[in-house]
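Participant: Here it is, the structure in full.
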Amino acid sequence: MRRILFFLPVLLLLLAACSGSKNSTRSDEKDLASLMKRLNKKGPSPALMADLQEVYTGALQKGTTRIGNYQYEPAPGKWDGMLREMEALQRMYETISLNAYALRQLKPVTYSQQIRSTRDTAAADYYTYGQQYFRNYKNRQDLKEAYYSFDKAASYVPNYKDTRQLMQEAWELAIVHVLINRIQYDDFGVNTWNMGFYNNQDLQLQDRIIFDLGGRSNKSIPARFYNEYDLQRERRAPDYVTDLVWRNLRFDQPIDRQRQYQRSKQIETGKDTAGKPVYQTVYATVYITQRELTATGEMNVIITEVATRNQLAWDRLPANYRFNYEFARYTGDQRALDNNDWSIINNNRNQQLPRREEVMSEMVRDIYQNLLGRIRNAVDW
């Protein structure tokens, strides 16, 4: 128990040092750059050199301590932290090296060789880590770990060994084939709307979704997307099936709302005997009808894994559409009206309302990007 209590403060200190290292390093670099700018502009002075020595020595001590602390963290995750500290200290070295006087006085430490060595070690570590997942993979998550481990190795040392080839193999093994089924309507009442006119648009929407997801040549995620015909033509069984089902569709009858307001304006009607203009106030009342059409529904996105029959996703995307149209009449003196009044008065009160297929298209537009995102996220690795 006494040993645990002894190591606890040390552990907390290490965690605090690691978590605050990024901001601390950035602050040290900023302070050093500011002091070096003063040195290059005004020349050396005892006070300025003392400040430079204090900032650099403190940064070097803290950075060295943090590099040592990272040694106790699990591999391969520790390498990012270690290299971040080394590269910050190397940038300080390079900043100081631009001034010969500061270089002689401060004697900064270069980390260039240590950085190269650490990058080599980090690449080898991530490569080994990726191989363990790749050789013994059991699912897509293992392949994902392998892929990004190889990618990390290549980020430390470009073209490290055969990382690019192994990444490609892991990606291809993780590819799933996703069937996007035709749009369905889970509402008996839809049949009374004569929705047959919309079938062609549904087929177009199905094709559009598949195209925008990347279809059979998608490269953004390890998944390819098909309709029924293309799967059958390739004699391929789907790994996932996506059902898109409209539910709770509602097309309300148009509602008319009334409001009115009064206009008044002073107009010149003549001149008096002294030649001054004579004004008269004229009035008009505008009666506005606002016709509103609303429609609502929800698209259910159901994605099922064929082998296990598990549902990867069942999302409900609410869709809404509202159409507003105004027309008006007036009573009184038309001279009191302005251009805004006339623009509403001249509207055709018998304008045709949007058809159901137009409304459905607008509702699809309302949810479309969200729909694509839900599918991508569900079948991504």
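Participant: Which of the residues that make up segment 326-378 are hydroxyl-bearing (Ser, Thr, Tyr) and assigned to a helix (DSSP H, G or I)?
Facilitator: Across segment 326-378, the qualifying residues are 343, 361, 368.
Participant: May I ask you to say which residue of 283, 287 is free of Cβ contacts under 8 Å to residues at least 60 places away in the same chain, aromatic (Phe, Trp, Tyr), in contact with a Lys or Arg (Cβ under 6 Å, 6 or more places away or on another chain) and assigned to a strand (DSSP E or B)?
Facilitator: None of the other options fit; the residue is 287.
Participant: Can I ask one more? Please count how many residues of segment 231-251 are more than 28 Å from the chain's Cα centre (by Cα), buried (at least 16 other Cβ atoms within 10 Å of the Cβ) and of a type in the set (D, E, K, R).
Facilitator: Number of matching residues: 0.
Participant: Consider segment 252-265. How many of its residues are assigned to a loop (DSSP other than H, G, I, E, B), surrounded by fewer than 11 Cβ atoms within 10 Å (Cβ to Cβ) and touching a Phe, Trp or Tyr at 6+ places or on another chain (Cβ under 9 Å)?
Facilitator: 0
Participant: Has segment 255-266 got any residue that is among the polar types (S, T, N, Q) and in contact with a helix residue (DSSP H, G or I) (Cβ under 7 Å, 6 or more places away or on another chain)?
Facilitator: Yes, segment 255-266 contains a residue that is among the polar types (S, T, N, Q) and in contact with a helix residue (DSSP H, G or I) (Cβ under 7 Å, 6 or more places away or on another chain).
Participant: Sticking with this structure for a sec: Please list, ordered by first then second residue, the pairs with beta carbon atoms under 7 Å, 6 or more apart or interchain, first in segment 118-143 and under 26 Å from residue 70 (Cα atoms) and of a type in the set (Asp, Glu), second at pLDDT 95 or above and in a loop (DSSP other than H, G, I, E, B).
Facilitator: 120/157
Participant: May I ask you to say which residue of 75, 102 is at pLDDT 95 or above and touching a helix residue (DSSP H, G or I) at 6+ places or on another chain (Cβ under 9 Å)?
Facilitator: Testing whether each residue is at pLDDT 95 or above and touching a helix residue (DSSP H, G or I) at 6+ places or on another chain (Cβ under 9 Å) leaves just 102.
Participant: May I pose another question? Assess whether residue 216 counts as being in contact with an Asp or Glu (Cβ under 8 Å, 6 or more places away or on another chain) and either within 20 Å of residue 379 (Cβ to Cβ) or touching a residue at least 24 places away in the same chain (Cβ under 8 Å) (or both).
Facilitator: Spelling it out, residue 216 is indeed in contact with an Asp or Glu (Cβ under 8 Å, 6 or more places away or on another chain) and either within 20 Å of residue 379 (Cβ to Cβ) or touching a residue at least 24 places away in the same chain (Cβ under 8 Å) (or both).
Participant: Among the residues of segment 156-168, which ones are within 28 Å of the chain's Cα centre (by Cα) and over 20 Å from residue 121 (Cβ atoms)?
Facilitator: Scanning segment 156-168 gives 164, 167, 168.
Residue by residue, here is whether (1) over 35 Å from the mean Cα position of the chain (by Cα); (2) open to solvent by less than 70 Å² (accessible area, probe 1.4 Å); (3) basic (Lys, Arg); (4) modelled with pLDDT of 95 or more holds:
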position: 18; (1), (2), (3), (4): no, yes, no, no
position: 28; (1), (2), (3), (4): no, yes, no, no
position: 43; (1), (2), (3), (4): yes, yes, no, no
position: 48; (1), (2), (3), (4): yes, yes, no, yes
position: 60; (1), (2), (3), (4): yes, yes, no, yes
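Participant: If you go through segment 266-281 one residue at a time, do you hit one that is closer than 22 Å to residue 341 by Cα, open to solvent by 70 Å² or more (accessible area, probe 1.4 Å) and under 57 Å from the mean Cα position of the chain (by Cα)?
Facilitator: yes
Participant: Any idea which of 94, 87, 73 is without any contact (Cβ under 8 Å) to a residue 24 or more places away in the chain, closer than 30 Å to residue 154 by Cα and out of contact with any Lys or Arg (no Cβ under 6 Å at 6 or more places or on another chain)?
Facilitator: 94
Participant: Would you confirm, using the coordinates I've provided, whether residue 205 is open to solvent by less than 20 Å² (accessible area, probe 1.4 Å), assigned to a helix (DSSP H, G or I) and either in contact with a helix residue (DSSP H, G or I) (Cβ under 7 Å, 6 or more places away or on another chain) or modelled with pLDDT of 95 or more (or both)?
Facilitator: Yes.
Participant: Taking the condition of being buried (at least 18 other Cβ atoms within 10 Å of the Cβ) and closer than 16 Å to residue 148 by Cα, how many residues in segment 108-138 meet it?
Facilitator: Total satisfying the criteria: 9.
Participant: Which count do you get for residues in segment 278-304 that are among the hydroxyl-bearing types (Ser, Thr, Tyr) and closer than 13 Å to residue 319 by Cα?
Facilitator: Count: 2.
Participant: Would it be correct to say that residue 88 is open to solvent by less than 20 Å² (accessible area, probe 1.4 Å) and more than 19 Å from residue 26 (Cα to Cα)?
Facilitator: No; evaluated as a whole, the condition is false for this residue.
Participant: Going by the conditions given, is residue 93 farther than 22 Å from residue 119 by Cα, aromatic (Phe, Trp, Tyr), modelled with pLDDT of 95 or more and surrounded by 13 or more Cβ atoms within 10 Å (Cβ to Cβ)?
Facilitator: no
The values are calculated or read from the model by the stated rules, or taken from the named source; none is laboratory data. These numbers were taken from a predicted model, which means no experiment stands behind them. Here Cβ is always computed from backbone atoms with ideal geometry, including for glycine, and neighbour counts include all displayed protein chains. The accessibility values were calculated without ligands, DNA or RNA, using every heavy atom of the protein model including side chains. Shrake-Rupley method; radii C 1.70, N 1.55, O 1.52, S 1.80 Å.
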